[in-house]
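Novice: Can you keep this structure in mind? I'll have questions shortly.
The values are calculated or read from the model by the stated rules, or taken from the named source; none is laboratory data. In this text, all values refer to a predicted model and were calculated from it rather than measured experimentally. Cβ placement follows ideal geometry from the backbone for every residue including glycine, while neighbour counts extend to all protein chains displayed.
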Amino acid sequence: MKQTLLIFGCAALLLFAGGCVTTNGTLPTSSANFTPKGTYAISRDKLWQTILDTLDKNHIAAVTADKSSGIIQTDYIAGPEVANIAFVESVHYKYNISLRDQSDGSVKVNIIGKLESTVNSGHGSSQWNDVTPQNVEKVKNLENWLYEQIEDGLKGP
């Protein structure tokens with residue numbers, strides 16, 4: 001019992017002294033030095049299906065998927081939380097994906113990520129705010145991660 005209280009007390013002290021602690025994981029990142037191709041020399045149908053399979057595999061819900069326009073919008077995906085003494089900041093993100101046929105028969109994929117944040121304190125939660133412009137590198141990493149997942153899916157099982 002004393003050991004449990006000591007551990008809890010030390011954790012509380014570290015939280016107080018350190019100011020914050022991250023909970024609920026981290027945002028996904030692509031492999032080091034990964035650069036997306038962006039344009040793929042395969043059929044639009046195969047690429048479309050691979051993107052949907054990739055979203056399913058990663059438990060990312062598609063809110064809209066209109067194959068004729070080549071547009072997929074995902075639902076928000078929960079990101080990490082940062083706990084502070086006075087509040088908890090939560091983030092979530094989503095993707096807008098478009099496919100465009102190119103004149104050479106290839107298909108260009110454009111992935112645009114959006115990162116939002118909210119703060120929850122003892123007085124309630126703030127509205128979700130777009131923090132994409134302040135987190136360009138994080139959002140680029142989110143986008144590259146999804147490109148990498150898609151490209152892995154194109155390689156097959």
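Novice: Taking the stretch 118-141, which residues are part of a helix (DSSP H, G or I) and either touching a Lys or Arg at 6+ places or on another chain (Cβ under 7 Å) or within 19 Å of THR26 (Cβ to Cβ) (or both)?
Specialist: Step one: list which residues in the stretch 118-141 are part of a helix (DSSP H, G or I), which gives 133-141.
Listed by number, the residues that qualify are GLN134, ASN135, VAL136, GLU137, LYS138, VAL139, LYS140, ASN141.
Novice: Is it the case, given these coordinates, that GLY156 is over 16 Å from the mean Cα position of the chain (by Cα) and at pLDDT below 95?
Specialist: Details: over 16 Å from the mean Cα position of the chain (by Cα): yes; at pLDDT below 95: yes.
Answer is yes for this residue.
Novice: Additional query: Would you confirm whether any residue within the stretch 16-37 is modelled with pLDDT of 90 or more, under 16 Å from LYS138 (Cα atoms), assigned to a strand (DSSP E or B) and not basic (Lys, Arg)?
Specialist: So far as the stretch 16-37 goes, no, none of its residues is modelled with pLDDT of 90 or more, under 16 Å from LYS138 (Cα atoms), assigned to a strand (DSSP E or B) and not basic (Lys, Arg).
Novice: Is it the case that the stretch 77-100 has a residue that's exposed (fewer than 15 other Cβ atoms within 10 Å of the Cβ), touching a Lys or Arg at 6+ places or on another chain (Cβ under 6 Å) and among the charged types (D, E, K, R)?
Specialist: Yes; the residues of the stretch 77-100 include at least one that is exposed (fewer than 15 other Cβ atoms within 10 Å of the Cβ), touching a Lys or Arg at 6+ places or on another chain (Cβ under 6 Å) and among the charged types (D, E, K, R).
Novice: Also, quick follow-up: Within the stretch 51-103, can you find the residues that are free of Cβ contacts under 8 Å to residues at least 60 places away in the same chain, in a loop (DSSP other than H, G, I, E, B) and not aromatic (Phe, Trp, Tyr)?
Specialist: Result: HIS59, ILE60, ALA61, LYS67, SER68, SER69, GLY70, ASP75, ALA86, SER103.
Novice: Please verify whether the stretch 81-98 includes one or more residues that are within 24 Å of ALA41 (Cα to Cα) and either more than 17 Å from the chain's Cα centre (by Cα) or of a type in the set (D, E, K, R) (or both).
Specialist: no
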